[in-house]
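Each remark here refers to the structure printed beneath this line.
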Amino acid sequence: MIEKSNLDAAGAPQPGIIALFGSGETSASGRKIFDLLFRRMPPSPRVAVLETPAGFELNSAQVAGRVADFLGQRFQNPSPRVQVIPARKRGTPFSPDAEGIVAPLLRADMIFMGPGSPSYAVRQLRHSLAWEYLVARHRLGGCLVFASAALIAIGAYALPVYEIFKVGEEPNWKAGLDFFQPFGLPLVFIPHWNNQDGGESLDTSRCFMGVERFEGLAARLPAGMTIVGVEEKTALLIDLQAEICQVAGKGGVVLLPSGESDAGAVNRQAAGSRYPSGATFSLGALGPYRCPLPEEGLSPTTWQRALQAAAPASDIPTPPPPEVMSLVVARSAARRQGAWGEADRLREQIEALGWEVRDTAGGPELVRRGGTA
């Protein structure tokens, strides 16, 4: 629900806190940071863990589940109610465009998105219903937490880490989800800024790119961008209402300009700033901030659903249970194999559990029987 702290003097909704982790979201330092966030929320806050960045992995449920378990078991005082949102892949029963899957995002007090592939996250979430719901919930005061791959993905440009570091692609950037564009902030995010996994023989800082290779990447970005490097076991907390940024955790946050400069890397480093743990700085350090209208860039349908979900009497449907989703997956497999009798039998099982499956061009959709999608 919309808290009083998320309303301005005229009663209009204001965006929620954003936490950007460089790594260590489930570490001891991460727990302290979540404690700070939970203090600003109502008792027993609803937490949604969005599975999308890891949706290509066979164990994506376990990847998201580890974070969900951490949040659900390590925080007894606020007693968060944690739910994993299995929005894994478009064109499947677990699509980020499936209303029945992503509806709980609209009533979440906190939405977390973390490990996986930045490139995959961008492909699955760009213009998706899940992304619209995430944005709408934030505009109404919901807290957002981005870590690891998700942090890279939300920038104006996303670094394809695995493609470069593991597969050998030439260093490049891909268009990101550009979450901060409506706020006038042209940002690129690099977690694991001070990573040392490579030891003395291999520079794995700058999210495994190394200083030399990353400098070349920075020069390829358009001028006017701000590169935000978040060190490990550290988070940057952004309060858009107060226009204040705070560094929390064990390390620091580095802000660097992008693009070519006459003197190259030396000038870029000299123009940059590092803020240690505990430091605060103005939001203006990230760029020319503006506050968009709450509904700006959102479809009227999404905005109305978000407002209804924020109302005290809201009753947003929960996703279908795992048993139903397993039957939908099995039915889709039977249809691909032409086993129509088996597909009909599975449909009957789904209906017996209170759900109706509808076949659409974008894949199967589930509707609670006697209700709407």
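A short reminder: the numbers here are calculations on the coordinates, not readings from a lab. Keep in mind that this is a model prediction, so the values were computed, not measured. No Cβ is skipped: glycine too gets one built from the backbone with ideal geometry, and neighbour counts run over all protein chains shown.
Some notes on this structure:
- Antiparallel bridge percentage (DSSP; both residues within the chain; nearest 5): 60 percent
- Computed from Cα positions, the angle between helix 129-139 and the longest principal axis of the chain comes to roughly 60 degrees.
- For the range 4-310, the Cβ-based charge dipole about the Cα centre amounts to some 860 debye (Lys, Arg positive; Asp, Glu negative; other atoms uncharged).
- Look at the dipole of the chain built from charges on Cβ: of Gly216, Gly176, Phe112, the Cα furthest out on the positive end belongs to Phe112.
- Of the residues Leu353, His192, Phe21, the one whose Cα sits farthest towards the positive end of the charge dipole of the chain is Leu353 (charges of +1 on Lys and Arg Cβ, -1 on Asp and Glu Cβ, taken about the Cα centre).
- Close amide H contacts of Arg81 (hydrogens built in the peptide plane, cut-off under 5 Å, sequence separation of 5 or more or a different chain): Arg46, Val47.
- Taking amide H as placed 1.01 Å from N in the peptide plane, Leu240 has its amide H under 5 Å from the amide H of Ile18, each at least 5 places away in sequence or on another chain.
- Here's how it looks for Gly116: its modeled amide H is under 5 Å from those of Ala149, which are all 5 or more places away or on a different chain.
- Helical runs (DSSP H, four residues minimum) scored at -39500 (n - 2.57) apiece and divided by the length of the chain put the mean residue ellipticity at 222 nm at -9000 deg cm²/dmol.
- Here Leu177, Leu36 are placed in order of increasing Cβ neighbour count within 10 Å, fewest first, which gives Leu36, Leu177.
- Tilt relative to the chain, helix 300-310 - C-alpha long axis, 0 to 90 degrees, to 10: 90 degrees
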